[in-house]
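Participant: Dropping a structure here in structure tokens format, bear with me for questions.
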Amino acid sequence: MLSSHQPTQTCRVALVIQYLGTHFHGWQRQPQQRTVQEEIETALCHILGHPVTLYGAGRTDAGVHAAAQVAHFNVTSPIPAHKWATILNSYLPKDILIRASAEVSHNWHARFSAIYRRYRYTFYTEKLPNLFASAFSWHYYHEPLDESLILAALEPLIGKHHLAAFHRANSGRQHSWVEVQAAECYRTGPLLYIEIQADGFLYGMVRLLVGMLVQVGSRQLTLTSFTDLWKDQRRQEVKYAAPAHGLCLLRVGYPDFPFPPEIWFETQPKLVFGQ
């Protein structure tokens, strides 16, 4: 805990955060559940001696990982902003890491200043399981997945659309409009990746979307049927969500960000298998 010295100036500190979602019930604080927000807020309280609210760029579901989540908090403290990463890491469990911290202006907000969020979903497609891939990918080997079909299904989603078909229940969001800015599907050996970037995401959207894209890639659902489903907002036909452990919040983008690209831009490692 800090000494009794009480500086008068309040500082807003931004954090770039990585976490392994396996043993978390998501990002957002919830009663009787272990969450990333609660762990960091608890660490801040131990250091400062009083409660502190942490504001995240967005929620992640239970089991979802983050390579570069972003959050901020306000603090009145003699600790320089860039020191907070090191100090917090000494209090946090090993499945959370603060990559960097920096001071931002008081009108900068981790959620409302963001212009995009980008997620990556990883599949491992070899029939034989691999322990080193299992925590971060969906082991999908039942049918071949055609990445060209998945990419073709993603292309009509680019732009601003009403995506209620991929909106889980119990969300407080008032509408289902999403501007999808980019979407990719590509393969590297036995690993297949889907990446989606948007101004924001609906509750559960990426996992529901990936669950349907698997049906397209395995030829259980035609391209036309998939596109008609989301255009007609037929939510009742979207029944399966992809497993959480294959999903990672890859990065959050801002027009004014105090961190260099190596801190936040591409920090989820990819497995490389021998030839």
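Participant: Considering only protein heavy atoms and a 1.4 Å probe, what is the carbon-and-sulfur percentage of the accessible area of the chain?
Facilitator: Details: 7180 of 13590 Å².
That fraction is 53 percent.
Participant: Give the angle, between 0 and 90 degrees and rounded to the nearest 10, that separates the Cα long axis of helix 36-48 from the longest principal axis of the Cα atoms of the chain.
Facilitator: Taking Cα atoms only, the helix is inclined about 10 degrees.
Participant: Could you state the principal axis extents of the C-alpha atoms in the stretch 50-98, from the largest down, to the nearest angstrom?
Facilitator: Result, largest extent first: 35, 20, 19 Å.
Participant: Please build a GNM for the chain, connecting alpha carbons under 10 Å apart, and tell me which residue among 35, 224, 53 fluctuates the most.
Facilitator: Ranking 35, 224, 53 by mean-square fluctuation puts 224 first.
Participant: Could you tell me what % of all Cα pairs in the stretch 76-180 have separations over 17 Å?
Facilitator: Details: 4157 of 5460 pairs.
For the stretch 76-180, the share of Cα pairs beyond 17 Å comes to 76 percent.
Participant: Can you check how the C-alpha radius of gyration of the stretch 172-275 compares to 2.2 N^0.38 Å, as a plain ratio? Don't skip to the end; give the middle numbers.
Facilitator: Numbers: Rg = 16.0 Å, N = 104, 2.2 N^0.38 = 12.8 Å.
Cα-based Rg divided by the globular estimate yields 1.24.
Participant: Note down the nm distance, to one decimal, between modelled labels 7 Å out along Cα→Cβ at residue 146 and at residue 10.
Facilitator: Roughly 5.7 nm, to one decimal.
Participant: Starting from the Kirkwood radius over alpha-carbon pairs of the stretch 1-159, derive D by Stokes-Einstein at 4 °C in a medium of 1.567 mPa s and give it in µm² s⁻¹.
Facilitator: Numbers: Rh = 17.9 Å.
It diffuses with D of about 73 µm²/s by this estimate.
Participant: Here is a follow-up. Give me log10 I(q)/I(0) at q = 0.19, 0.26, 0.28 Å⁻¹ for the stretch 66-125, Debye formula, one equal scatterer per alpha-carbon, no solvent.
Facilitator: Once normalised to I(0) and log-transformed, intensities are -0.87, -1.24, -1.30.
Participant: Run down the aspartates and glutamates and flag those whose C-alpha is under 15 Å from the C-alpha of residue 270, throwing out any fewer than 8 positions away in its chain.
Facilitator: Straight-distance partners of residue 270: 195.
Participant: So, one more: Please calculate how many Å² of accessible area the chain carries per residue, with a 1.4 Å probe and no DNA, RNA or ligand atoms counted.
Facilitator: Numbers: 13590 Å² over 275 residues.
Accessible area per residue, the chain: 49 Å².
Participant: Could you please state, rounded to a whole Å, how far the C-alpha centre of the stretch 66-141 is from the C-alpha centre of the stretch 146-214?
Facilitator: Each part's Cα centre sits 21 Å from the other's.
Participant: Shifting gears a bit: I'd like the projected area of the stretch 161-210, averaged over all directions, using the convex hull of its alpha carbons. Report it in nm² with one decimal. Let's see the in-between values first.
Facilitator: Numbers: hull surface 15.1 nm².
Answer in nm², one decimal: 3.8.
Participant: From the mean inverse distance of alpha carbon pairs (Kirkwood) and the Cα radius of gyration, derive Rg over Rh for the stretch 126-169.
Facilitator: Details: Rg = 15.1 Å, Rh = 13.6 Å.
Rg/Rh for the stretch 126-169 comes to 1.11.
Participant: Right, another one. State the percent of C-alpha pairs, over all pairs in the chain, separated by a distance greater than 33 angstrom.
Facilitator: Values: 9494 of 37675 pairs.
Counting every Cα pair in the chain, those more than 33 Å apart make up 25 percent.
The values are calculated or read from the model by the stated rules, or taken from the named source; none is laboratory data. All values reported here derive from a predicted model rather than from experimental measurement. Neighbour counts are summed over all protein chains in view; Cβ atoms, including those assigned to glycine, are modelled from backbone coordinates with ideal geometry. All accessible areas refer to the heavy atoms of the entire protein, side chains included, with ligands and DNA or RNA removed. Shrake-Rupley method; radii C 1.70, N 1.55, O 1.52, S 1.80 Å.
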